[in-house]
Amino acid sequence: MRFLTLLALLWSLFTVTVSHAGPLESTDEVGRLLTDGNLLDRIGDVSNRVEAKASALVVGALGFLGVPYRRGGNTAESGFDCSGFVRAIYQQTAGLLLPRRAAEQAAATETIDKNELKPGDLVFFNTMRRAFSHVGIYVGNGKFIHAPKPGGEVRVEDMGASYWAKRFDGARRVPADASASVPQQQ
């Protein structure tokens, strides 16, 4: 079941990516694009690397579906809490070290508007009557992945669901140099 959920989510992310690419004008244009060996250079190598990192980050996060919640948890073996999950995914997939707590992660990242969300961005919620008390990773199509609560497991949820929509606290983007601005915890 976990595999089918992962496959369905990956397919939905793929179809969103393809639908945003826009149609090509003609088959001649397709031919030109295919024969042009410098396509990545023309589009911009930097933006492609950013998208590739975001895709790898989301796929990496989806690999932890079903891992149990554990307060203070930092690993798949012991379980994750929300911020431990986000921190582990960013460290393992992007090589970036984020702070340990959700509120600290919010403070160390760049504020973006909800309509600017891209896969790999962070979404924050007020679940404990304080700002930025819960965090997850946006995966696309209005969905996010997170370690929800005691007794729960890492899962994907819809941000439009009543519970999450009422508690949405904001969206953040992790800067490429995040680990340079975050003090190493000992």
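Observations on the model:
- Within segment 147-163, being over 14 Å from L122 (Cα atoms) and either among the aliphatic types (A, V, I, L, M) or in contact (Cβ under 8 Å) with a residue 24 or more places away in the chain (or both) holds for P148, K149, P150, G151, G152, E153, V154, R155, A161.
- Residues of segment 138-148 that are at positive phi and either polar (S, T, N, Q) or outside any strand (DSSP E or B) (or both): N141, G142.
- Residues of segment 98-115 satisfying the condition of being among the aliphatic types (A, V, I, L, M) and closer than 16 Å to T127 by Cα: A102, A103, A106
- Candidate set from segment 164-180 (those that are surrounded by fewer than 20 Cβ atoms within 10 Å (Cβ to Cβ), of a type outside the set (D, E) and over 17 Å from F125 (Cα atoms)); member that is modelled with the highest pLDDT: P175
- Complete set of residues in segment 93-126 that are of a type outside the set (A, V, I, L, M), within 16 Å of F80 (Cβ to Cβ) and assigned to a loop (DSSP other than H, G, I, E, B): P99, R100, R101
- Against the list (1) part of a helix (DSSP H, G or I); (2) more than 13 Å from the chain's Cα centre (by Cα); (3) aromatic (F, W, Y), the condition Y90 fails is (2).
Table: residues versus (1) under 22 Å from G170 (Cα atoms); (2) acidic (D, E); (3) touching an Asp or Glu at 6+ places or on another chain (Cβ under 6 Å).
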residue	(1), (2), (3)
S55	yes, no, no
G60	no, no, no
G66	no, no, yes
N74	no, no, no
E77	no, yes, no
S83	yes, no, no
V86	yes, no, no
T93	no, no, no
P99	yes, no, no
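- S83 vs. criteria in contact with a strand residue (DSSP E or B) (Cβ under 8 Å, 6 or more places away or on another chain) and closer than 18 Å to P148 by Cα: yes
- Evaluation of F132 against (1) on the phi > 0 side of the Ramachandran plot; (2) part of a helix (DSSP H, G or I); (3) aromatic (F, W, Y) (one fails), failing number: (2)
- Check on V135, among the β-branched types (V, I, T), surrounded by 13 or more Cβ atoms within 10 Å (Cβ to Cβ) and in contact with a helix residue (DSSP H, G or I) (Cβ under 6 Å, 6 or more places away or on another chain): yes
The values are calculated or read from the model by the stated rules, or taken from the named source; none is laboratory data. Just so you know, these numbers come straight off a predicted model, no measurement behind them. As a convention, Cβ positions derive from the backbone with ideal geometry for all residues, glycine included, and neighbour counts pool all protein chains shown.
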